[in-house]
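*Asks:* I'd like to ask you about the structure that follows.
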Amino acid sequence: MQIEVLRLGHRLPRDERISTHVALVARAFGASAMAYTGQHDAGLEESIRRICGNWGGEFPITYEKSVTAVIKKHKRDGFTIVHLTMYGLALPDVLPAIKSRGKILVVVGSEQVPREIYELADFNVSITNQPHSEVAALAMTLDRLMEGKELEPHDFGGRIRIVPSARGKDVVETR
Ligand code: SAM
């Protein structure tokens, strides 16, 4: 399964931290790339590049001007569009249908999400029907899509690696 993430409506400086967290969760939990719309943010891109430089893995992060263009491009490339919104259908009810698709674009919002996104999405999916956070919604969705496999030991091939430890910090630097 190939999973990518689209973060909508990035606002500077307000979303600097949360969009970074969306990207870090996407990378750590099994997505292979992230695109974002809203305001271009070289700092966001640089901090994710720095994380990949130290902790390994390829995780391209790209800025897209048009939300509809990037969604339509993913559709043409065979992606199923899964928009996370508290107004959507409960994840367990649609998970089997989503998992039967090979390529998935998970879309998370920031401010008010335009109506058009609800219509372009193949699935509008809720993680509870209560308002919370794009980071939590994304983490839970990726965990269910990955069936918990992201929690298994996984070598990102990074310069820095953590050896799981019951107490303290065991960190290995390989170069
Ligand atoms: N009132 C906003 C709206 O239009 O949905 C809430 C914005 S919320 C802070 C930012 C993003 O978090 C939403 O666009 C959605 O992707 C995600 N989110 C928040 N609560 C969610 C929930 N219960 N289920 C799924 N996604 C959620």
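The values are calculated or read from the model by the stated rules, or taken from the named source; none is laboratory data. Since we're looking at a predicted model, the values are computed, not measured. Because the Cβ atoms are built from the backbone with ideal geometry, glycine has one as well, and the counts that use them run over all protein chains shown. The accessibility values were calculated without ligands, DNA or RNA, using every heavy atom of the protein model including side chains. Shrake-Rupley method; radii C 1.70, N 1.55, O 1.52, S 1.80 Å.
*Asks:* Each label point is 7 Å from the Cα along the Cα-to-Cβ direction; what then is the distance between the points at Asp77 and Ala90, in nm?
*Replies:* 3.4
*Asks:* Moving on to the next point. Give me a comma-separated list of calculated 3J(HN,Hα) values for segment 30-40, in order, Karplus coefficients 6.51, -1.76, 1.60 applied at θ = phi - 60°, integers in Hz, x for any Gly or Pro.
*Replies:* x, 6, 9, 6, 9, 10, 9, 10, x, 8, 5
*Asks:* Once both labels are modelled 7 Å past Cα along the beta-carbon direction, what's the Lys99-Leu151 spacing in nm?
*Replies:* 1.5
*Asks:* If DNA, RNA and ligands are ignored and the probe is 1.4 Å, what is the ranking of Thr62, Thr141 by accessible area, most exposed first? Could the numbers behind the result be given before it?
*Replies:* Details: Thr62 65, Thr141 0 Å².
From most exposed to least exposed: Thr62, Thr141.
*Asks:* For Met146, Met140, what's the largest-to-smallest order of accessible area, 1.4 Å probe? Before the final figure, lay out the partial values.
*Replies:* Values: Met146 50, Met140 85 Å².
Order by accessible area, largest first: Met140, Met146.
*Asks:* Among 64-70, 169-175, what's the highest-first ranking by average C-beta atoms within 10 angstrom per residue?
*Replies:* Working: 64-70: 14.6, 169-175: 8.7.
Going by the mean number of other Cβ atoms within 10 Å, highest first, we get 64-70, 169-175.
*Asks:* Residues of the chain: accessible area per residue at 1.4 Å, in Å²?
*Replies:* Values: 9740 Å² over 175 residues.
Ligands and nucleic acids excluded, the result is 56 Å² per residue.
*Asks:* Moving on. Which residues in segment 69-111 place their backbone N less than 19 Å from a point set 7 Å from the Cα of Glu58 along the Cα-to-Cβ direction?
*Replies:* Residues 74, 77-79, 103-105 fall inside that zone.
*Asks:* Right, something else. Taking a 1.4 Å probe, which of Arg49, Arg11 shows the most accessible area, and what order do the others take after it? Write out the running numbers ahead of the final one.
*Replies:* Values: Arg49 130, Arg11 45 Å².
Most to least solvent-accessible, the answer reads Arg49, Arg11.
*Asks:* So what is the diffusion coefficient of the chain in µm² per second by Stokes-Einstein at 4 °C and 1.567 mPa s, using a Kirkwood Rh over Cα pairs? Could the numbers behind the result be given before it?
*Replies:* On the way: Rh = 16.8 Å.
The estimated diffusion coefficient comes to 77 µm²/s.
*Asks:* Any lysines with Cα under 28 Å of the Lys149 Cα? List them, leaving off those in the same chain fewer than 8 positions away.
*Replies:* List returned: Lys75, Lys99, Lys103, Lys169.
*Asks:* How much of the accessible area of segment 2-173, in percent, comes from carbon and sulfur atoms when a 1.4 Å probe is used?
*Replies:* Values: 4970 of 9370 Å².
Carbon-and-sulfur percentage of accessible area, whole number: 53.
*Asks:* Could you state how much accessible area His132 has, in square angstrom rounded to the nearest 10, with a 1.4 Å probe and all protein chains kept in place?
*Replies:* For His132, the solvent-accessible surface is approximately 100 Å².
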